[in-house]
Amino acid sequence: MELFQRPTGTQDVLPDDQAYWQWLVKIARGVAARYGYQPFDVPVYEYTELFSRGVGTGTDIVEKEMFSFVPRQDDERDRRQITLRPEFTAGFARAYLQNGMGSWPQPVKLFTIGPLFRYERPQAGRFRQHTQFNCEAIGESDPTVDFEVMAILWDYFTEAGLTGLTFQLNSIGSPEARRRYVREILVPYLRAREHELNEVDRRRLEQNPLRVLDSKEESAQAVIAEAPVITDYLDAESAEHFATLRRYLDLTGRAYVINPRLVRGLDYYSKTVFEIHAEGIGAQSALCGGGRYDGLMELLGGPPTPGVGFGSGIERAIAALRLQGITPPGLPQPPVFGVYFDQVSKDAMIVLLSELRRAGIGASMDYGSKSIKKQMRAGSQSGARFALILGGNELERGEVQVKDLHSETQSPVARDALIGWLRQRLTS
Ligand code: HAM
């Protein structure tokens with residue numbers, strides 16, 4: 001029988017890769033906590049309308065990338081279609097409204113790390129299941145919050161040791177100013193050059209003209225390069241908001257480039273939008289994307305409530321770390337390895353290792369009935385610091401032979417004193 005393969009676009013995360021994951025997750029949690037963001041989780045699936053309404057029907061995500069299904073066709077009472085979450089922001093907004101977070105001290109600052117699902121064409125750095133470190137600050141329009149959200153990313157990537165990243169920033173203005181720019185400036189411009197666009201972009205022009213500016217199609221590049229930029233048509237409030245945000249970034253020495261063509265592919269954005277890119281990790285170079293979404297809550301039936309946040313792909317950050325030759329600290333291995341001679345000493349070793357683990361000291365042993373030499377080799381390969389050797393003589397004397405696998409020295413330690421002896425050496 002042919003062996004099963006994992007589904008296209010998904011990955012197994014092997015123990016060796018886990019070192020990268022756990023390290024990044026630890027940094028992310030640490031930085032989020034330093035900025036006062038609280039851990040938060042939303043369901044892995046939501047009712048489909050949440051995403052079509054929140055993310056927008058004209059977006060790639062909603063148009064062609066959602067994993068949607070009706071769980072029980074046969075159940076009259078619940079035929080609502082659900083969708084595996086393709087992003088976090090809509091779920092956070094739903095949860096903010098549903099849990100009455102509007103009455104909490106504002107802004108409500110939340111973060112999560114978890115899997116998302118998009119039915120995309122798989123390629124380097126683009127998966128059908130990916131993982132985001134996602135932060136949202138809901139309930140405050142002050143650009144200080146935009147600044148803080150961006151600063152979290154700076155600190156996160158800096159702590160991970162990544163260099164040479166480009167922080168791209170733009171403002172796409174209020175929804176009204178954006179609509180006016182699209183209607184009065186962008187659409188007439190794109191119509192005049194429609195003959196240069198391919199079918200994909202012509203469809204975008206009909207459904208969501210701003211998305212043409214985000215197009216990766218070769219034919220669109222000259223059209224995009226010469227297009228009038230949204231930043232020149234900002235409303236006064238957005239322009240001031242943008243200037244203040246830039247001042248905070250400048251004050252704290254955070255380097256960024258303004259990319260007036262950055263519009264982002266999701267409908268809910270207003271004012272601030274940003275992305276961080278890393279060269280060399282494939283066509284998909286965005287390590288993160290985010291921005292402000294002041295109109296989202298209203299789209300979901302809530303009161304006007306500003307919000308800003310980002311999502312950052314863990315898989316892409318790991319690709320960038322590997323590319324830059326940055327290795328994470330290894331995962332901790334049990335520092336103690338038990339070696340035994342026969343069934344009697346094996347029984348005693350099982351009891352001894354159980355005691356050590358209960359006392360908080362990691363311990364492992366080999367299985368079966370292998371030679372001492374093979375067990376010692378397994379101990380060295382396991383990364384343990386000490387081998388504990390138990391034979392008939394040791395049992396008789398109430399001792400354990402302890403071999404330091406670093407210095408190759410060996411000495412007897414009284415069994416009763418072993419936990420204290422190990423603790424002292426493992427913590428120093
Ligand atoms: P997004 O740009 O769609 O934004 O995704 C954010 C990040 O997730 C990307 O920059 C990338 O690092 C990673 N990512 C997205 N799709 C994939 C994929 N198929 N494979 C691997 N990595 C991927 C959002 O999701 C917004 N909800 C971000 C946000 C939060 N805006 C405001 N708050």
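All of the numbers you see were taken from the coordinates with simple rules; none came from a lab. Fair warning: this is a prediction, and the values are worked out from it, not measured in the lab. Here Cβ is always computed from backbone atoms with ideal geometry, including for glycine, and neighbour counts include all displayed protein chains.
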In this structure, the FRET efficiency calculated for residue 369 and residue 236 from their beta-carbon separation, with R0 = 60 Å, to the nearest 0.05, is 0.15
Semi-axes a, b, c in Å (a largest) for segment 336-391, each sqrt of 5 times a Cα gyration tensor eigenvalue, come to 16, 14, 7
Rg ratio (alpha-carbon, reference 2.2 N^0.38 Å) - segment 287-428:
1.74
What number does segment 23-85 give for Rg over Rh if you use C-alpha atoms and the Kirkwood radius?
1.16
At the level of C-alpha centres, the distance separating segment 246-275 and segment 116-163, in angstrom, is 13
Modelling each spin label as a point 7 Å along the Cα-to-Cβ direction, I'd like the residue 221/residue 404 distance in nm, to one decimal.
6.2
Dipole magnitude of segment 209-253 about its Cα centre, charges +1 at Lys/Arg Cβ and -1 at Asp/Glu Cβ only, in debye to the nearest 20?
160
Leading residue at positive end of dipole, segment 52-207 (Cβ point charges), from 90, 161, 101
90
Figure the gain on full extension for residue 44 and residue 176 (residue separation times 0.36 nm, minus the Cα-Cα span) and round it to one decimal in nm.
44.2 nm
Under 8 Å for C-alpha pairs, at least 6 residues apart: give me the relative contact order for the chain, rounded to a whole percent.
16
Given the C-alpha centroids of segment 282-348 and segment 397-428, what is the distance between them in whole angstrom?
36
Rg/Rh (Cα only; Kirkwood hydrodynamic radius) as it applies to segment 64-150
1.07
What aspartates and glutamates could a cross-link reach from residue 346, if we take a straight Cα to Cα line under 15 Å and drop same-chain neighbours fewer than 8 places away?
355, 366, 394, 396, 399
Taking the beta-carbon count within 10 Å as an exposure proxy, list 346, 109, 370 from fewest neighbours to most.
370, 346, 109
Could you list 65, 298 so that the one with the fewest beta carbons within 10 Å of its beta carbon is first and the one with the most is last?
298, 65
Among 333, 343, 38, whose mean-square fluctuation peaks in a Gaussian network model of the chain (Cα, cutoff 10 Å)?
343
Please compute the Cα-Cα pair-distance distribution of segment 57-212 with 10 Å bins starting at 0, giving whole percents from short to long.
8, 22, 34, 27, 8, 0
Kirkwood radius from Cα pairs of the chain plugged into Stokes-Einstein at 4 °C, 1.567 mPa s, gives D in µm²/s equal to 51
With Cα coordinates, the longest principal axis of the chain makes an angle with the long axis of helix 314-323, in degrees rounded to 10, of 70
In whole Å, largest first, the alpha carbons of segment 1-58 cover along the principal axes 51, 36, 20
If you stretched the chain out fully between residue 26 and residue 327, how much longer would it get, using 0.36 nm times the residue separation minus the C-alpha to C-alpha distance?
106.9 nm
With label points set 7 Å from each Cα along the Cα-to-Cβ direction at residue 77 and residue 64, the distance between them in nm comes to 4.0
